């Protein structure tokens, strides 16, 4: 009788051990199933801000005229003299679209966006003229090859440009003596355009 009871106790202990083991395996399996997707989930959120930042940096933000001029004068070290228009109103904004030790390009814009002036060190490549265009050689700053152009003389504020080589030295020579400057005005009268052009100072 004693032996039979002992065997029943042993059997009960064995069954309990088996059930405990099965429960443990089930719990571990459930945990493993739960944790697996987390381990392989791609970190998409970490990639998005970088892409957004690159897009923002691709287009320059408008700054004050003074800030743009400071940046240009600090960066462009290969052009002497380095000229900038001094008559741009302080209420206008500026976008520096490119700047290197040898080149720069900046667009000054009026508060309402109706008027703008592009100013750059740039190898000249003027656009083709139309039937109502005019061209002249104003001998600007002593450059007899300087070119002034109005796209449409029938329009008071037609697009205007001025190209000339400023006497001086340039780190990227283009076959001519001096520094190649380029001004383009949009929405400006003839008087307004030349007031800006004549205000360029080192």
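Residues that are crowded, with 18+ Cβ neighbours inside 10 Å and under 24 Å from residue 94 (Cα atoms) within segment 123-148 comprise just one, 148. Do we find a residue being farther than 21 Å from residue 77 by Cα and assigned to a loop (DSSP other than H, G, I, E, B) anywhere in segment 174-187? Yes, there is a match, as at least one residue in segment 174-187 is farther than 21 Å from residue 77 by Cα and assigned to a loop (DSSP other than H, G, I, E, B).
Taken over segment 185-197, the residue count meeting the criterion of being surrounded by fewer than 14 Cβ atoms within 10 Å (Cβ to Cβ) and free of Cβ contacts under 8 Å to residues at least 40 places away in the same chain is 1. Looking only at residues of segment 153-173 that are part of a loop (DSSP other than H, G, I, E, B) and in contact with a strand residue (DSSP E or B) (Cβ under 9 Å, 6 or more places away or on another chain), we find that the one that is farthest from residue 104 (Cα to Cα) is 153. Can you confirm whether segment 112-122 contains a residue that is without any contact (Cβ under 8 Å) to a residue 60 or more places away in the chain, crowded, with 17+ Cβ neighbours inside 10 Å, within 23 Å of residue 72 (Cβ to Cβ) and in contact with a strand residue (DSSP E or B) (Cβ under 6 Å, 6 or more places away or on another chain)? No - not one qualifying residue is present in segment 112-122.
Those strands (runs of 3 or more DSSP E) of segment 81-144 in which at least 3 residues are modelled with pLDDT of 95 or more and either in contact with a helix residue (DSSP H, G or I) (Cβ under 8 Å, 6 or more places away or on another chain) or under 20 Å from residue 195 (Cβ atoms) (or both), considering only elements entirely within it, cover 93-99, 104-109, 116-121. Checking the structure you have, find out if any residue of segment 166-184 is surrounded by fewer than 14 Cβ atoms within 10 Å (Cβ to Cβ), in contact (Cβ under 8 Å) with a residue 12 or more places away in the chain and over 23 Å from residue 100 (Cβ atoms). No, segment 166-184 contains no residue that is surrounded by fewer than 14 Cβ atoms within 10 Å (Cβ to Cβ), in contact (Cβ under 8 Å) with a residue 12 or more places away in the chain and over 23 Å from residue 100 (Cβ atoms).
The values are calculated or read from the model by the stated rules, or taken from the named source; none is laboratory data. This one's a predicted model, so the numbers in the text were calculated from it and none came from an experiment. Positions of Cβ are generated from backbone atoms using ideal geometry, with glycine treated the same way; all protein chains shown enter the neighbour counts.
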